[in-house]
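**Student:** One structure, pasted below without further comment.
The values are calculated or read from the model by the stated rules, or taken from the named source; none is laboratory data. What you are looking at is a predicted structure, and each value in this text was computed from that prediction instead of being measured. No Cβ is skipped: glycine too gets one built from the backbone with ideal geometry, and neighbour counts run over all protein chains shown. Only protein heavy atoms, including side chains, enter the accessible area calculation; ligands, DNA and RNA are left aside. Shrake-Rupley method; radii C 1.70, N 1.55, O 1.52, S 1.80 Å.
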Amino acid sequence: MPTEVLVMCKRCGRPQQAGAGLRCAACGGELPDAPLPSAVGASSPERFLSAELPGGRVLVGEGNRLSYRPGAFATPFLLELPSLRRLSLVSRPLYEALVLSAGAIVLLPFVAQQGVRVLLALLALAGVALVRSGRRYTLVLESTGQVETRWVLGTVRRGSSVEQRLRSAWLTLADAVRSRGVKVNEPSEPSP
């Protein structure tokens with residue numbers, strides 16, 4: 001079964017289905033050619049990055065293209081590196097877990113049973129622990145025309161081998177695009 005491939009419009013940065021036409025449906029700009037699918041397991045001599053990330057995400061740099069697949073069965077996105085102007089890696093704590101803590105704390109005064117109160121207190125602590133132990137990484141790409149695209153690379157536990165692999169992929173990508181004249185914003189080191 002052939003995989004659907006999306007390419008990014010050179011003018012507006014919107015994803016378009018490859019092979020759908022030579023012009024962007026949104027702005028009429030010229031669309032880049034889509035690469036031919038390679039055989040399974042084949043590696044190209046021009047490949048400078050291949051990273052398997054959390055959640056079935058895959059980031060591949062090959063020739064003058066960067067490809068991102070946001071999930072195991074998702075359609076990949078393509079970005080032409082000559083249209084890339086700025087690249088950043090953004091990492092942040094899992095603030096969403098604080099909703100768990102806040103909900104448990106709000107319910108605590110309304111519960112009379114001691115066992116349930118202990119469980120709510122543990123739930124509040126678990127939310128805080130999740131915020132402190134995990135990070136969400138996002139790749140921010142700014143292409144021609146100041147169009148910003150965000151690719152979520154995944155949520156990882158701090159200090160894990162998955163985080164080290166993700167940061168190693170970032171260093172490889174940053175070096176490759178910097179050599180092409182792209183401005184790279186270095187991420188600040190996450191606090192422990």
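**Student:** Between residue 106 and residue 186, what FRET efficiency comes out of the Förster formula 1/(1 + (r/R0)^6) with R0 = 30 Å and r the beta carbon distance, rounded to 0.05?
**Tutor:** 0.15
**Student:** Taking the convex hull of the alpha carbon atoms in region 56-192, what volume per residue do you get, in Å³?
**Tutor:** 141
**Student:** Could you point to the residue in 162, 181, 143 farthest towards the positive end of region 109-191's charge dipole, with +1 and -1 charges on the Cβ of Lys/Arg and Asp/Glu respectively?
**Tutor:** Farthest towards the positive pole: 162.
**Student:** What are the ³J(HN,Hα) values, in whole Hz, obtained from phi via the Karplus relation 6.51 cos²θ - 1.76 cosθ + 1.60 with θ = phi - 60°, for each residue of region 144-152 in sequence order, with x given for Gly and Pro?
**Tutor:** Each residue of region 144-152 in turn: 3, x, 6, 7, 9, 10, 10, 10, 6 Hz.
**Student:** P(r) for region 86-155: what percent of alpha-carbon pairs falls in each 10 Å bin, starting at zero?
**Tutor:** All Cα pairs, binned at 10 Å, distribute as 20, 31, 21, 16, 9, 3 percent.
**Student:** Projected area of region 125-173, taken from the Cα convex hull and averaged over every viewing direction, in nm²?
**Tutor:** If I average the Cα hull's projected area over directions, I get 4.2 nm².
**Student:** Carbon and sulfur: what percent of region 123-192's accessible surface (1.4 Å probe)?
**Tutor:** 53
**Student:** Sticking with this one: What does the extension gain come out to for residue 132 and residue 85, with contour length at 0.36 nm per residue minus their alpha carbon separation?
**Tutor:** 13.6 nm
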